[in-house]
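The values are calculated or read from the model by the stated rules, or taken from the named source; none is laboratory data. All values reported here derive from a predicted model rather than from experimental measurement. Using ideal geometry, Cβ is built from the backbone for each residue, glycine included, and neighbour counts are taken over all protein chains shown. Surface accessibility is based on the protein's heavy atoms, side chains included, excluding ligands, DNA and RNA. Shrake-Rupley method; radii C 1.70, N 1.55, O 1.52, S 1.80 Å.
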Amino acid sequence: YELIYQNWILALFVFIIIATISSLLSNHITWSLQSSSLYIRFGLFALFLSIFLSGEKKVFNYLNIFILLLVTFVSIDMIYQYFYGFDFFNFKRPENRLSGPFGDELIPGSFVTKFSFPIAIFLLFRGKYYFLFFLLLINLFFISVILSAERAALIMFISGFFILLYFNLKKILI
């Protein structure tokens, strides 16, 4: 909670309020709100980076669990969309690829690939009791990446998995 009271967080909130007021006073309100809301990502990135570097394990664990749940939901949603033709949000399946919960954007394979490796590392360093859970999730993520029909995401997933195995083989076997 000390993070909230830091000066740069307060400055970020002031900037967001000023950008919102400025957007509401412009001639093109919706376009202005869309373009000014994109600046929030820099503040969120700085916030997550400061949490990561601060060494607070409790917050770091909650962040990893949130990412784990998010990627697992996207993977299950993709598999559901593959078999039933629509996902949990009633988005129809495009002809030859999956969109998952992203609507018209065909990016779920890339999303799962990019966020699965921090989860894998998080689970591998938790202990050997989490190894079965790790294997179950890696298989779920691998199936969802295959079903997404994104070749680049599949190549990235497979190569990342082999790199992860190469560097953690001793830890996994012990």
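What is the distance, in nm, between label points placed 7 Å from the Cα along the Cα-to-Cβ direction at S159 and at N64?
Result for the modelled spin labels: 2.6 nm.
In the range 25-94, which chymotrypsin sites (Phe, Trp or Tyr not before Pro) are in a loop and have at most 15 other Cβ atoms within 10 Å, using DSSP for the loop call?
Filter output for the range 25-94: Y39, F88, F89.
Per residue, what volume in Å³ does the Cα convex hull of the range 1-76 take up? Show your work: numbers first, answer last.
Values: hull volume 8.0 nm³, N = 76.
Measuring per residue, one finds 105 Å³ for the Cα hull of the range 1-76.
From the protein chains alone at 1.4 Å, what is the descending order of accessible area for T113, T72, T20, largest first? Before the final figure, lay out each step's value.
Working: T113 0, T72 30, T20 55 Å².
The residues order as T20, T72, T113, largest area first.
Quick check on the chain: what does the Kirkwood estimate of hydrodynamic radius come out to from the alpha carbon pairs, in Å?
Working: mean 1/r = 0.0536 Å⁻¹.
Averaging 1/r across every pair of different Cα atoms and inverting gives 18.7 Å.
Over the range 27-114, with every protein chain in place, what whole percent of the accessible area is carbon and sulfur at 1.4 Å, could you tell me? Display every interim value, and only then the final one.
Details: 4010 of 6040 Å².
C and S atoms contribute 66 percent here.
Report the calculated FRET efficiency for I9 and S35 (r = Cβ-Cβ distance, R0 = 22 Å), to the nearest 0.05.
Details: r = 23 Å, r/R0 = 1.03.
Computed FRET efficiency for I9 and S35: 0.45.
Once you treat every alpha carbon in the range 70-170 as an equal point and sum by Debye, what is log10 I(q)/I(0) at q = 0.22 Å⁻¹?
-1.05
Relative to the longest principal axis of the C-alpha atoms of the chain, give the angle of the C-alpha long axis of helix 108-124, reported between 0 and 90° and rounded to the nearest 10°.
Between helix and principal axis, roughly 70 degrees.
With every protein chain present, what accessible area does V14 have (1.4 Å probe, heavy atoms only), rounded to the nearest 10 Å²?
That residue has around 80 Å² of solvent-accessible surface.
Calculate, for the chain, the solvent-accessible area per residue in square angstrom, rolling a 1.4 angstrom probe over the heavy atoms of the protein chains. Don't jump to the answer; show the numbers that get you there.
Details: 12180 Å² over 174 residues.
Per residue, the chain has an accessible area of 70 Å².
Taking just the alpha-carbon atoms of the range 111-174, what radius of gyration and Dmax come out, in angstrom?
11.6, 35
Relative contact order (percent) for the chain, with alpha-carbon contacts under 8 angstrom and 6 or more residues of separation? Walk me through the intermediate numbers first.
On the way: 153 pairs, mean separation 28.0, N = 174.
About 16 percent, as a whole number.
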